[in-house]
Amino acid sequence: MTEQKMPLWEVFIRARTGMAHRHCGSVHAGDAEMALQAARDVYTRRGEGLSIWVVPSQAITASDPKDKGSLFEPTASKIYRHPTFYEVPEEVGNM
Amino acid sequence: MYTQALNAPVSAGTEPETEDESGPDLDRFDAQVAAEQKIEPNDWMPASYRKTLVRQISQHAHSEIVGMLPEGNWITRAPTLRRKAALLAKVQDEGGHGLYLYAAAETLGVSREELFEQLHSGKAKYSSIFNYPTLTWADMGAIGWLVDGAAIMNQIPLCRCSYGPYSRAMIRICKEESFHQRQGYELISTLAKGTPQQKAMAQDALNRWWWPSLMMFGPSDSESKHSAQSMAWKIKRFSNDDLRQKFVDATVPQGHFIGLEFPDPDLRLNQETGHWEFGEIDWQEFFRVVGGDGPCNRERLQTRVKAYEDGAWVREAALAFSQKRQTRAQADEAALAGAAE
């Protein structure tokens, strides 16, 4: 009999409190609880994590790299969003 | 290096070759690679880049998994609890490394099941070093020191490879790999400083593992037509010969320090260049072993196939249980909704 494929989950780990969860890879598992256990075994052998999130890979929507240019163009052209655009006299000290 | 000179094409299946034509996509891709920017899973890439990476990453993954077997052989016979715990942790790491790499390969659009099918049918290869038997406890030291040592030489440059998921997997692997080498060297040093029988066992292990370790780097690049393309795509960063020389230069003094000799009458230090010159490698042996005729090839593959087939009931049960849990949760929800009215 042909075996059913095991669903794919993306794994996010938070290393320390105050930090954000970071994507570190994927696991195959039957459901969320088994995915958490698999993620713990595969990605935290050296105490790398305090918290694990697993998300079905299908649930993730990603921006299309082809659209990078138009999607992010406004952010590139608004340099007045950066502190270095503004002049503050040295005598005033750090601002 | 787990994949160098393993250039037999993955056979069968349709191969969409439409993505290699020149054009703005290819130009953008080439510019990205040249600028040391990572290529990520959804980026456009030439079909041949994708195919090469699927082959290289999956064969690297297969090597990690098969690599658990020669060392797994000695877990029940470790001489002390410390050695046993260390060996268990190392073998467990190798399993984890295989999983990181399978996950990276899958981002290129291939499934885990397909990759296993390629390994189990013999279509895909794994590093030939794992086709040798582990005959004594000293082999555990030799493998950690030499085989993992050689792997580290190759894996550090791979941390900078152009494909994002592969380079990130390699960074994670490299962090874990150095304990493997230190564990092996400490083990073989202890034997080399022990009784005459222990020292002889250490020397014997070095004698058997030295040349196969040198072969791990693959033949000279002049003989591989894929090397130039891999370099252009920033998958491969250094030549096989350069990495091999680096390994020899690092390792020979380590062996001499613990009083061991290398099984190479031509090994000598070139005072001018500072490099250790070594003798001719028997490439016939390498091709014979990689081609399927090494001491353990059949046994390794049979063991993997058996493990996979024997484990089918576990995978089926896990999926069946997930479905049962889901059905039960839905029924509970429906009952609650009904009760609330």
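The values are calculated or read from the model by the stated rules, or taken from the named source; none is laboratory data. None of the values given here were measured: they were computed from a predicted structure. Note that each Cβ is placed from the backbone with ideal geometry, even for glycine, and that neighbours are counted across all protein chains shown. Calculation scope for accessible area: heavy atoms of the full protein, side chains included, ligands and nucleic acids excluded. Shrake-Rupley method; radii C 1.70, N 1.55, O 1.52, S 1.80 Å.
Using all pairs of distinct alpha-carbon atoms, the Kirkwood hydrodynamic radius of segment B:154-240 works out to 15.5 angstrom. Put simply, the convex hull of the Cα atoms in segment B:234-280 casts, on average, a shadow of 4.2 nm². Quotient of the Cα radius of gyration of segment B:188-328 and 2.2 N^0.38 Å, N being its number of residues: 1.55. For segment B:237-282, averaging the sequence separation of C-alpha pairs within contact (under 8 Å, six or more residues apart) and dividing by the residue count gives a relative contact order of 30 percent. For segment A:1-64, GluC sites (Glu not before Pro) meeting the loop criterion (DSSP other than H, G, I, E, B) and having at most 12 other Cβ atoms within 10 Å: A:Glu3.
In this calculation the C-beta distance from B:Gln37 to B:Phe287 is compared with R0 = 35 Å, giving a FRET efficiency of 0.40. Excluding ligands, DNA and RNA and using a 1.4 Å probe, chains B and A jointly bury around 2100 Å² of accessible surface, summed across both partners. Within segment B:37-132, none of the GluC sites (Glu not before Pro) combine a DSSP coil assignment with at most 13 other C-beta atoms in a 10 angstrom radius.
In the structure displayed, which of B:Lys51/B:Lys306; B:Lys51/B:Lys236; B:Lys38/B:Lys236; B:Lys38/B:Lys234 lie more than 18 Å apart, Cα to Cα? Correct reply: B:Lys51/B:Lys306.
Across segment B:258-326, C-alpha contacts under 8 Å between residues 6 or more apart give a mean separation that, scaled by the residue count, equals a relative contact order of 14 percent. What is the distance in Å between the Cα centroid of segment B:282-312 and that of segment B:106-127? So the two Cα centres are separated by 15 Å. Taking all C-alpha pairs of segment B:37-83, those more than 13 Å from each other amount to 70 percent. Which residues in segment B:229-245 place their backbone N less than 18 Å from a point set 7 Å from the Cα of B:Leu269 along the Cα-to-Cβ direction? Counting only backbone N, you get B:245. Residue by residue, segment B:308-321 carries 3J(HN,Hα) couplings of 5, 5, 5, x, 4, 5, 5, 5, 4, 5, 4, 5, 4, 5 Hz when phi is fed to the Karplus relation 6.51 cos²θ - 1.76 cosθ + 1.60 (θ = phi - 60°); x denotes Gly or Pro. For segment B:56-179, the equivalent ellipsoid built from the Cα gyration tensor has semi-axes of 25, 17, 12 Å, listed from largest to smallest. Among the trypsin sites (Lys or Arg not before Pro) in segment B:222-288, those placed in a DSSP loop whose Cβ has at most 16 other Cβ atoms within 10 Å are B:Lys225.
Interface residues of segment B:310-337, defined as those losing at least 20 Å² of solvent-accessible heavy-atom surface relative to the isolated chain (probe radius 1.4 Å), are listed as B:Arg315, B:Glu316, B:Ala318, B:Leu319, B:Ser322, B:Gln323, B:Arg325. Contact order, relative form, for chain B: 19 percent (alpha carbon pairs under 8 Å, 6 or more residues apart, mean separation divided by residue count).
The tail of the calculated P(r) for the protein assembly as shown, taken as Cα-Cα distances beyond 39 Å, holds 30 percent of the pairs. Each Lys and Arg adds +1 at its Cβ and each Asp and Glu adds -1 at its Cβ; summed about the Cα centre, the protein assembly as shown shows a dipole of about 1320 debye.
With the alpha-carbon atoms of chain B aligned to their principal axes, the span from lowest to highest coordinate is 86, 56, 33 Å, starting with the largest.
At 1.4 Å probe size, what's the solvent-accessible area of B:Ser48? Round to the nearest 10 Å². For B:Ser48, solvent-accessible area is about 30 Å².
Projecting the Cα atoms of B:Pro212, A:Val42, B:Asn73 onto the charge dipole of the protein assembly as shown (Cβ charges, centred on the Cα centre) puts B:Asn73 farthest toward the positive pole. Extension gain for B:Asn73-B:Ala337 works out to 89.4 nm (0.36 nm per residue, less the C-alpha to C-alpha distance).
For the residues of A:31-39, the average number of beta carbons from a partner chain within 10 Å of their own beta carbon is 2. Note on chain A: Rg/Rh from Cα positions, Kirkwood definition for Rh, rounded to two decimals, is 1.24.
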